[in-house]
Amino acid sequence: MQQQQLENIQGLAKVASWKKFSELFQVRAAMNEYINCLRSTSVLLGGRGKCVEDQDYPIEVFSFQPVTDLNPPIILIGGMGPLAGAVGFDLACEYFGTRREIVLYQACSIPSRMTVMLEPNQMVHGLPLQRYLVEQVSEAIIQSKEYLQNKPANMMIILMCNAVHYYLSLVKADLEKRYPKVASELQYISLVSAVMAEMEQRKLNHPLLLETSATKMGRVYSAPMEKRRIKCKQLSEGEQEILMSAIYQGVKAFDKEYAVSKGEELFNLLLRNKCNSTRQTKIGDIDCVITGCTEVPILLDWLQKKSKINAVRGWLTQVKVINPVISAFNWISNQEEGFVTVG
């Protein structure tokens, strides 16, 4: 599978479309339309027997340009996957209202993070694959700033993919070397740091990590938690395979029925194998769930609305779910209000 993905890798393509909005209701309508287009592409490819991948979609840009923006703009680097990027853009516009300009750059052409972790030295376009990914993320950031209506001295960058945070230090170094002026204007809002800050604020110490295999392999969340002596629960190999199926053949493929079915299978295993003997809707001493993949909040939302298993819905209703993207928005908001947070 990795070899096929390597063969499909292309350079950062030109932007296929750029849509601008000045009102919040326009954003919601446009995201609904965009998501329907993503669904149609997925169904079309699925009908041809192809499992849809992020790289099958074009690069597109969406800008919310309120008249009264008062703070540094936020650039969301999405497209990994595109549905999660659209949902994140909608959430950002709703969260910040007219206080900030927000740009979503759907960098769908960036190669699979799992493929890069497994084949970091494979040559692609004359570069080792890991180096290629780093430069592609850097170029996406450089290109995205061109879609701001003003040219501010400072801007905030959020990489929407959890797994790509494994390469964040390399991306920063690459930008500082090749684009030093732009690098000096950027403030990175790390999803991982934002989650750590929220856990500290809420005094949470026993999370369940629901993450992709790439995020798990890169220890994106488990490593910093280990340093803080936080006891995190990770999925077993079999449980991880079920989650990956729910994400890739379910959420990314817009197959809600399949996603819910696999989600139920996963939580049935967790509740059966890790539940407290006196309360069948408690998984050990878990006090929160960290959705270490931007598709997982979508999966959990579908489960809460569509699952026919009361124990699954009940547990998801009771537990604190931490969405790293929303944690990042909270981190920014706390900065605005002058609160001290963990960066």
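Just a few scattered comments:
- Close amide H pairs (under 5 Å, H built 1.01 Å from N) link residue 208 with 233, 287, 288, 289, 290, residues at least 5 positions away or on another chain.
- The label point for residue 229 and the one for residue 170, both projected 7 Å from the Cα toward the Cβ, are 3.3 nm apart.
- Both radii were evaluated on the Cα set of segment 28-164; the Rg over Rh quotient, with Rh as the Kirkwood radius, amounts to 1.01.
- Considering only the chain, percent of DSSP beta bridges that pair antiparallel, nearest 5: 25
- Using alpha carbons only: equivalent-ellipsoid semi-axes of the chain, gyration tensor based, whole Å: 30, 24, 21
- Helical content of the chain, expressed as a calculated mean residue ellipticity at 222 nm, amounts to -15000 deg cm²/dmol (DSSP H runs of 4 or more residues, -39,500 (n - 2.57) each, divided by residue number, nearest 500).
- Summary value for the chain: 16 percent relative contact order, contacts being C-alpha pairs under 8 angstrom separated by 6+ residues.
- Neighbourhood charge, 10 Å Cβ-Cβ cut-off, centred on residue 15 and excluding it, Lys, Arg +1 and Asp, Glu -1: -1
- Under a 5 Å amide H cut-off, with hydrogens placed 1.01 Å from N, residue 124 pairs with 129 among residues at least 5 apart or on other chains.
- Cα centroid separation, segment 71-131 to segment 292-320 (Å): 25
- For residue 19, the lysines whose Cα comes closer than 22 Å to its Cα, not counting residues fewer than 8 places off in the same chain, are 145, 151.
- Averaged per residue, the chain has 45 square angstrom of accessible surface, using a 1.4 angstrom probe with ligands and nucleic acids left out.
- Those aspartates and glutamates that a straight Cα-Cα span of less than 18 Å connects to residue 308, excepting residues fewer than 8 apart in one chain: 255, 257, 264, 265
- With all protein chains in place and a 1.4 Å probe, the accessible surface of segment 19-70 carries 56 percent carbon and sulfur.
- Cα-based reach from residue 231 at 27 Å (exclusive), listing lysines while leaving out same-chain residues under 8 positions away: 203, 216, 262, 274, 282, 320
The values are calculated or read from the model by the stated rules, or taken from the named source; none is laboratory data. These numbers come from a predicted model, not from an experiment. Neighbour counts run over all protein chains shown; Cβ positions are idealised from the backbone, glycine included. For the accessible areas, the whole protein counts, side chains as well, though only heavy atoms, and no ligand, DNA or RNA atoms are used. Shrake-Rupley method; radii C 1.70, N 1.55, O 1.52, S 1.80 Å.
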